[in-house]
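Below is one structure, written out as structure tokens, with a few remarks after it.
The values are calculated or read from the model by the stated rules, or taken from the named source; none is laboratory data. Note that the coordinates shown come from a computational prediction; the quantities given were computed from them, not determined experimentally. Glycine gets a Cβ as well: all are built from the backbone with ideal geometry, and neighbour counts include every protein chain shown. Each accessible area value is taken on the protein alone, full model and side chains, heavy atoms only, with ligands, DNA and RNA left out. Shrake-Rupley method; radii C 1.70, N 1.55, O 1.52, S 1.80 Å.
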Amino acid sequence: GHSLEYFIEGGRSRTGRLLPPRTGMLSMTVRAYLRDPKRRVIFMPVYFGYERIVEGRTYIGELSGRPKQKESVLGLIKSTISVLRSKLGIVNVNLGQPIPLDALLWRHNPEWRTAAADLDSGARWIGAAVDDLATRINIEINAAAAVTPINLTAMALLATPRQAFAEADLERQLELYQMLLHDAPYSPLVTVTRDSGAEMIRYAEAMGMLERQRHPLGDILRMNAENAVLATYYRNNILHLFAMPSLLACCFISNSGMSTADIHRLVWRVYPYIAMELYLRWDETAVTEVADSLLDTFAALNLLKPNTDRSEWQRPASTSLEAIQLSVLAQATIQTIERYYLAIALLLQSGSGVITQEALEERCHLMAQRMSVLYGLNSPEFFDKSLFRNFIDLLRRRNVIQAAADGSLAFGEPLLGVAADAQRVLSEQIRHSILQVTLSQ
């Protein structure tokens, strides 16, 4: 034929986050195409959504710090028998938006067809095109996510301190997530379960994800410690869908009211870092419009109340069901913002031009581990060193911080602005917890 289609599945980390596609393979494909662009090359992103991963116990062990066990024939037989006896649920497969390679190359170099013969001199723009392609593949995979009862249950339960919910409250929270995805869709290619909240709960129980504790005033549904660790995988598969709604909810953790202008600034300040980490689909120029659309959705769902000209927004009364729902929604991204603030606090504590990036990454990793133990943060990626590295790299690329000749990190007013806005989003208790850990060293 006249075209070649490459189906690209998203590789995931142990915590369920999308990993960057292997740029080595993509680079080879792009360069081969540049040498002989006779056929049209199209990349087809593919989203795979699992309701139970076969390697669940292995994941739990590795996330808990235990070394990976050696493989053996006997171990393979035992694990196969165990898998065949267990419920694995449904595998959802969604196709994303196709990515034509020639259109992507044209954006980086309109003269790419005539410049293709000299690949060595074009190494810089080709490298940028390959990086763009890798990012675009993951963005399009995420834009075709499949949302299941297991994903939503993990999202809700992991947002609670003890991974427990009263049954009626869990049912309402699940249906709120469902309404948000319906009323403010992330992408037209995202598919969402049509089950009611009660049906989602029954399904999660049947899959062994939830445990029921009977009580005269209403049953309690909870996760045991093992399921809570594993649930991070299922939550992180769809975390990007709730990143913007959760970010808006975070604005009202410590603020009963906020102006639209302040909301816009706070969201714009944090969005680039969350977008990079979760492969979000919106360009920075569209963030204000997305935020305004979500604010309208929040008003329709009674999660926020605007004044007459929509220049000010108020959260519901703290004793209302809507206030509880808003608070739970905020937890989807609050640990990400906590991680950012921890890195900034440690850099500010060290001082400008004092600490290197490598030393800062290690200190962030160790401090986050310490916080996880002290404050019971049941989230393995909270102290993932690679996430700190990516955050610091982006701070450098955006010139918020600079690397001196000796490798030390320098900063000025821009970093102080980021820190100030992060403090406005975080609760006083969280800010004090981070400062207590950092200043005790």
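Can you say whether LEU303 is more than 26 Å from ALA154 (Cβ to Cβ) and modelled with pLDDT of 95 or more, as far as the supplied structure shows?
The answer is no for LEU303.
Hey, could you check segment 216-245 for residues that are modelled with pLDDT of 95 or more and within 11 Å of the chain's Cα centre (by Cα) and say which is surrounded by the fewest Cβ atoms within 10 Å (Cβ to Cβ)?
Across segment 216-245, the extreme among qualifying residues is ALA243.
Out of segment 224-246, which residues are touching an Asp or Glu at 6+ places or on another chain (Cβ under 9 Å) and more than 24 Å from LEU18 (Cβ to Cβ)?
Residue satisfying the conditions is ASN224 alone.
Any chance you could count how many residues in segment 150-173 are within 17 Å of ALA228 (Cβ to Cβ) and either of a type in the set (Asp, Glu) or part of a helix (DSSP H, G or I) (or both)?
Total meeting the criteria: 10.
Please determine, by comparing only the residues of segment 62-113 that are more than 30 Å from TRP125 (Cα to Cα) and in a strand (DSSP E or B), which one is modelled with the lowest pLDDT.
Checking each candidate, the answer is VAL91.
I'd like to know if segment 196-205 contains one or more residues that are of a type in the set (Ser, Thr, Tyr) and assigned to a helix (DSSP H, G or I).
yes
With within 28 Å of GLY96 (Cα to Cα), out of contact with any Gly (no Cβ under 9 Å at 6 or more places or on another chain), open to solvent by 20 Å² or more (accessible area, probe 1.4 Å) and not acidic (Asp, Glu) as the only criterion, which of ALA198, ALA204, ALA184 stands out?
ALA184
Could you say whether any residue in segment 284-298 is among the small types (Gly, Ala, Ser), touching a residue at least 24 places away in the same chain (Cβ under 8 Å) and open to solvent by 30 Å² or more (accessible area, probe 1.4 Å)?
Yes, because at least one residue in segment 284-298 is among the small types (Gly, Ala, Ser), touching a residue at least 24 places away in the same chain (Cβ under 8 Å) and open to solvent by 30 Å² or more (accessible area, probe 1.4 Å).
Filter segment 299-315 for residues that are charged (D, E, K, R) and surrounded by 16 or more Cβ atoms within 10 Å (Cβ to Cβ); which is farthest from GLN325 (Cα to Cα)?
Ranking the candidates gives GLU312 first.
I need a count of the residues in segment 135-180 that are surrounded by fewer than 19 Cβ atoms within 10 Å (Cβ to Cβ) and among the hydrophobic types (A, V, I, L, M, F, W, C).
Of the residues in that region, 4 qualify.
Take MET258 and tell me if it is open to solvent by 40 Å² or more (accessible area, probe 1.4 Å) and not polar (S, T, N, Q).
No, not satisfied.
For segment 333-341, state whether one or more residues are touching a helix residue (DSSP H, G or I) at 6+ places or on another chain (Cβ under 9 Å) and open to solvent by 60 Å² or more (accessible area, probe 1.4 Å).
No, there is no match, as no residue in segment 333-341 is touching a helix residue (DSSP H, G or I) at 6+ places or on another chain (Cβ under 9 Å) and open to solvent by 60 Å² or more (accessible area, probe 1.4 Å).
Suppose we filter segment 38-47 for residues that are open to solvent by less than 60 Å² (accessible area, probe 1.4 Å) and touching an Asp or Glu at 6+ places or on another chain (Cβ under 7 Å); how many remain?
So the count comes out to 4.
For segment 114-123, which residues satisfy the criterion of being in a helix (DSSP H, G or I), open to solvent by 40 Å² or more (accessible area, probe 1.4 Å) and either of a type in the set (Gly, Ala, Ser) or modelled with pLDDT under 55 (or both)?
Passing the criteria: only ALA123.
For ARG281, indicate whether it is in a loop (DSSP other than H, G, I, E, B) and open to solvent by 10 Å² or more (accessible area, probe 1.4 Å).
Judged against the criteria, ARG281 is a match.
Given the options SER386, SER352, SER372, name the one that is open to solvent by 10 Å² or more (accessible area, probe 1.4 Å) and part of a loop (DSSP other than H, G, I, E, B).
Checking each option against the conditions leaves just SER352.
Six or more apart or on different chains, Cβ atoms under 6 Å: show the pairs whose first residue is in segment 226-241 and part of a helix (DSSP H, G or I) and whose second is among the charged types (D, E, K, R).
If the second residue must be among the charged types (D, E, K, R), the pairs left are ASN236/ARG17.
Just to be sure before I move on: is GLU361 touching a Lys or Arg at 6+ places or on another chain (Cβ under 6 Å), open to solvent by 10 Å² or more (accessible area, probe 1.4 Å) and not aliphatic (A, V, I, L, M) in the structure I sent?
For GLU361, the condition - touching a Lys or Arg at 6+ places or on another chain (Cβ under 6 Å), open to solvent by 10 Å² or more (accessible area, probe 1.4 Å) and not aliphatic (A, V, I, L, M) - is met.
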